[in-house]
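The values are calculated or read from the model by the stated rules, or taken from the named source; none is laboratory data. On a predicted model such as this, the values are computed, not experimentally measured, just so you know. Don't worry about glycine lacking a Cβ; one is built from the backbone with ideal geometry, like all the others, and counts go over all protein chains shown.
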Amino acid sequence: MKPSTEAHGEAVTLPPHRSGSFASWAGKTIVCAALAAAGFAATCLVTGRFFPMRQVDEVSTKLQYFRAHQDEFDTLLIGSSHVYTQIDPTTFDATMSEQGVESHSYNFGITGLSMPELYWLVDHILQTPTPRLKRVIIEFGSDRTIIPDLFKGTARESYWHDFPRTWIVTRDLATLAARNLRNGKPGELPELGSDLLEHWKLCLSNATNIGRVNELIAATTRTAGKHPVAPAGSEPRGFHPLPQHLTGKTLETWRQKLADHDHAPHPNGIILRSAFERMLAQLQSTGAQPFFFISPNIDPATVETIPFAESEHLKLLAFDSPTLYPQLFREENRADLPHLNAGGAEIFTRILATQVAQNSPASASSQNQFTSAHALR
Amino acid sequence: MLFVEFRFFFFFAFVFLVYWTLRNNTARKVFLLLASYFFYACWDWRFLFLLIGSTTLDYTIGRLLGHMQDRRKRQGLVAMSLCVNLGLLGFFKYCNFFIGSASTMLAWLGIPASLHTLHIILPVGLSFYTFQSMSYTLEIYRGHLEPVRKPLDLAFFVAFFPQLVAGPIVRATTFLPQVHEARQLAYVAFRPALALFLIGFIKKACIAENAAPFVDQFFASPHSYTVLSAWIATLLYAVQIYCDFSGYTDMAIACARLLGYELTVNFNFPYFADSVTDFWRRWHISLSTWLRDYLYISLGGNRGGKWFTYRNLMLTMLLGGLWHGGAWTFVVWGGLHGLALIIHREWQRVREWIPGAVAAMRWLAVPITFYWVCIAWIFFRATNFQDALDTVQRFVLFHAKGKHLLSLEPRLLLFFAGVAIIHYLNFRGVFSQWWRRLPAPVFAAGYGSAVAIVLLFVPVKYTPFIYFQF
């Protein structure tokens, strides 16, 4: 056989001028483009079915653990690092028991959890039957739709971007854009636009399974390594207390913030209303009782949160007041500005468990039902 | 903006649609020129002025050369073009190299000197468009080309985005005749262009990018690795640099073809070369022919004695090595190739006298050439001489004190072996024709599926093309 040249090494030969009208040529081109798109989409769909869920630090570990032990737990604590580092399931269960409510809880806190990601997580947790599930306690504060820099370029930023979730983000961002336009704030539109583009890029990247084979190979290579490191999220019952205390400049900043605290609600980002409503409906369909709480932080972003909670009649436990909960704001109980340390976590867990127990149907004091966030302050 | 990025597909789709919608050739060229400047500005808009400045100078010199008959003045003009273009290259690319080398030399001679290097950013693609621009004035000077009348034509030739940042180094004589007439969509061979783009994408995104982490891992500390690791890393680097650069070229040629333009061929299965002379007919062809025509021949070529020819060969290859960057490792890389070219010339002279040599070389020529090319690649890749020598010690002398083994998944080795077999079959012409005979709808659906499969092997994050730094 005669050796060929590389494809680009061929002599330049012009093809014969195509015959027929432009309309006929354009029609054929459109058909071919549609067929190429169909071939692409079909192959993506078929190949996507062969891959397991992406390995995402914390998320995969906790999901796998929960699925393996789903019959053991009746209480789930879900949220960001404010759950991951501040709620100890053992203390929570003991306090609930003291209040006359039995529970066996699991900490599903994930560092940097965003709102649509929370929706994805709840969706996937509830995919497996959880007959014992009685209550789900969710941190109410993740109004973030922008992906933190920490997760850029990792599976963590993209894994939850399926079409339903991305569509919800799109709708909510569009709602916000319309509201900004109505309020005469068009300056925020470019930021919203780039945020939206980023979400769709990640969604497309997910749907087209980009790099899935590479990821699997990399995961195998990591597993074969000689020094395996315990993955984040593999702690007993998912709790990871922070040992440190406030020191130096952080301590000064904390004191300043506490002194400047004005009790006024602070502006926050976007409440993904549709995502939230769907998640709520999903939770209610399982029969589990949903609770929401605001983490003990100075000036949490609540200007939108509280009215939204009121309009949805959510059970909202707010721990953001240094006046009502001074022990949660003491220097010795803080690890850094947004988080409690191990000692603070112990106190917070007890307070949270007491309030949950008092509002649980099994409790004698369950008549203390509330309809507004402010009622709990 | 890389050819393998999402945003490039949107950029190119927009350029393609607007370009073919425009009816007037000048409007098309203006549009493509603006798109090319935008493409370049995506890296660093400040260097756009350098590109425009270089183009303006060569246009002016070209016009003056066209009107001037006096030989001395013509020589002066072309010298000015060379000085400015090479001066820019020298400043941006070699300033720190010469300062560093002078400092080392003075220290070696015992003369205390405190020479500070400058913080210079190398404009992307400078070496490529400078060479293209110089080819324009040199061809006019030699009487092979008429100067262009419209500055637009020259600016378009220099800045045409598919080849702007990493070649191929297109000659003015090849490209400028194409800009005078409007390209016709009906003459665009879509199927080969799309196939070529996909091949280039596979080479860069699936092969080069997957080889890169292991190569980087090894060359970060070659002294701590075993002989086997050195072999794997060197062979993978040979694969990486070929797939990275030829992948870029494939995509560049395909994009140009989709816009109706033909660029210069740059690769032709270089690792199947049976001598280093043959290798340079197959590797970075646009650079090797540029160096041959404008440097080797200008130095006198082979129009003198044997030693005169060998001197010219060695000088050309040393400067060719230096073209890749300001580092002595590049010079050694060029020197190794120059040495191999000289040895090959000598071999051609003496082989008839050695019984069985021709028959043996029929089998050994390709592996020996590839082995020599790989040794040269070690110097090309290593960040310093010590690392290069450590690797050569392992690759050539099979001697190593290091104990580490590259953490390479055996399945990846199978993947690379499969790729090598496909490449060989392609060299034998197995894939050259059958896909062209498929009905258009079948080809379209197959193409879509192939793209979806290729994406599975693509890394989430890309490293820039290796040749962007040159």
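Among B:Leu22, B:Leu17, B:Leu88, B:Leu48, which is without any contact (Cβ under 8 Å) to a residue 24 or more places away in the chain, over 16 Å from B:Phe160 (Cα atoms) and surrounded by 15 or more Cβ atoms within 10 Å (Cβ to Cβ)? Before the answer, list the steps.
On the way: B:Leu17 fails: surrounded by 15 or more Cβ atoms within 10 Å (Cβ to Cβ); B:Leu88 fails: without any contact (Cβ under 8 Å) to a residue 24 or more places away in the chain; B:Leu48 fails: over 16 Å from B:Phe160 (Cα atoms).
On inspection, the qualifying residue turns out to be B:Leu22.
Restricting to helices (runs of 4 or more DSSP H) lying wholly in region B:345-464: which have 2 or more residues that are in the same structural domain as B:Ala211 (by TED's automatic domain parsing), among the hydroxyl-bearing types (Ser, Thr, Tyr) and at pLDDT 90 or above?
Here the list reads B:357-381, B:440-455.
Considering each residue of region B:171-182, count those that are touching a helix residue (DSSP H, G or I) at 6+ places or on another chain (Cβ under 8 Å), closer than 28 Å to B:His284 by Cβ and within 13 Å of chain A (Cβ to nearest Cβ), and give that number.
Qualifying residue count for the region: 1.
When you check B:Tyr296 against the structure, is it away from chain A (no Cβ under 14 Å), surrounded by 20 or more Cβ atoms within 10 Å (Cβ to Cβ) and not small (Gly, Ala, Ser), yes or no? Show your work before the answer.
Working: away from chain A (no Cβ under 14 Å): yes; surrounded by 20 or more Cβ atoms within 10 Å (Cβ to Cβ): yes; not small (Gly, Ala, Ser): yes.
Spelling it out, B:Tyr296 is indeed away from chain A (no Cβ under 14 Å), surrounded by 20 or more Cβ atoms within 10 Å (Cβ to Cβ) and not small (Gly, Ala, Ser).
Look at A:Ile168 and say whether it is in contact with a helix residue (DSSP H, G or I) (Cβ under 6 Å, 6 or more places away or on another chain), more than 24 Å from A:Glu277 (Cβ to Cβ) and surrounded by 15 or more Cβ atoms within 10 Å (Cβ to Cβ).
Here the answer is no, as A:Ile168 does not meet what is asked.
Kindly indicate whether B:Ala195 is out of contact with any Ser or Thr (no Cβ under 9 Å at 6 or more places or on another chain) and either surrounded by fewer than 24 Cβ atoms within 10 Å (Cβ to Cβ) or more than 12 Å from every other protein chain (Cβ to nearest Cβ) (or both).
Working: out of contact with any Ser or Thr (no Cβ under 9 Å at 6 or more places or on another chain): yes; either surrounded by fewer than 24 Cβ atoms within 10 Å (Cβ to Cβ) or more than 12 Å from every other protein chain (Cβ to nearest Cβ) (or both): yes.
In short, yes.
Please state which one of B:Leu319, B:Leu336 is surrounded by fewer than 17 Cβ atoms within 10 Å (Cβ to Cβ) and under 23 Å from the mean Cα position of the chain (by Cα).
None of the other options fit; the residue is B:Leu319.
Please go through region B:185-215 and give me each residue that is more than 26 Å from B:Asn426 (Cα to Cα) and either among the small types (Gly, Ala, Ser) or at pLDDT 90 or above (or both), ordered by number.
B:Ala186
Which condition does B:Leu364 not pass, out of (1) away from chain A (no Cβ under 14 Å); (2) aliphatic (A, V, I, L, M); (3) touching a helix residue (DSSP H, G or I) at 6+ places or on another chain (Cβ under 9 Å), if it passes all the others?
The one condition B:Leu364 does not meet is (3).
Residue-by-condition table, conditions (1) touching a Pro at 6+ places or on another chain (Cβ under 8 Å); (2) more than 8 Å from every other protein chain (Cβ to nearest Cβ); (3) under 15 Å from B:Val239 (Cβ atoms):
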| position | (1), (2), (3) |
| --- | --- |
| B:Ala382 | yes, yes, no |
| B:Gln386 | no, yes, no |
| B:Leu389 | no, yes, no |
| B:Val396 | no, yes, no |
| B:Gly429 | yes, no, no |
| B:Pro441 | no, no, no |
| B:Gly446 | no, no, no |
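Cβ-Cβ under 8 Å, sequence separation 6+ or interchain: first residue in region B:375-389 and more than 21 Å from B:Tyr271 (Cα to Cα), partner buried (at least 23 other Cβ atoms within 10 Å of the Cβ) and among the aromatic types (Phe, Trp, Tyr). Which pairs?
Between residues of region B:375-389 that are more than 21 Å from B:Tyr271 (Cα to Cα) and residues that are buried (at least 23 other Cβ atoms within 10 Å of the Cβ) and among the aromatic types (Phe, Trp, Tyr), the close pairs are B:Ala388/B:Phe379.
With the condition being modelled with pLDDT under 75, I'd like the helices (runs of 4 or more DSSP H) fully within region B:68-174 carrying at least 3 qualifying residues. Spell out how you get there, then give the answer.
Values: elements: B:71-89, B:95-108, B:126-141, B:151-159, B:161-164.
Once the helices (runs of 4 or more DSSP H) in region B:68-174 are filtered for at least 3 residues that are modelled with pLDDT under 75, what remains is B:95-108.
Given B:Val215, B:Val265, which one is β-branched (Val, Ile, Thr), in contact with a Gly (Cβ under 6 Å, 6 or more places away or on another chain) and either crowded, with 20+ Cβ neighbours inside 10 Å or outside any helix (DSSP H, G or I) (or both)?
Values: B:Val215 fails: in contact with a Gly (Cβ under 6 Å, 6 or more places away or on another chain).
B:Val265 is the lone residue from the list that is β-branched (Val, Ile, Thr), in contact with a Gly (Cβ under 6 Å, 6 or more places away or on another chain) and either crowded, with 20+ Cβ neighbours inside 10 Å or outside any helix (DSSP H, G or I) (or both).
Just for region B:222-231: of the residues that are surrounded by fewer than 21 Cβ atoms within 10 Å (Cβ to Cβ) and touching a helix residue (DSSP H, G or I) at 6+ places or on another chain (Cβ under 8 Å), which one is nearest to B:Asn25 (Cα to Cα)?
Going through the qualifying residues, I end up with B:Trp231.
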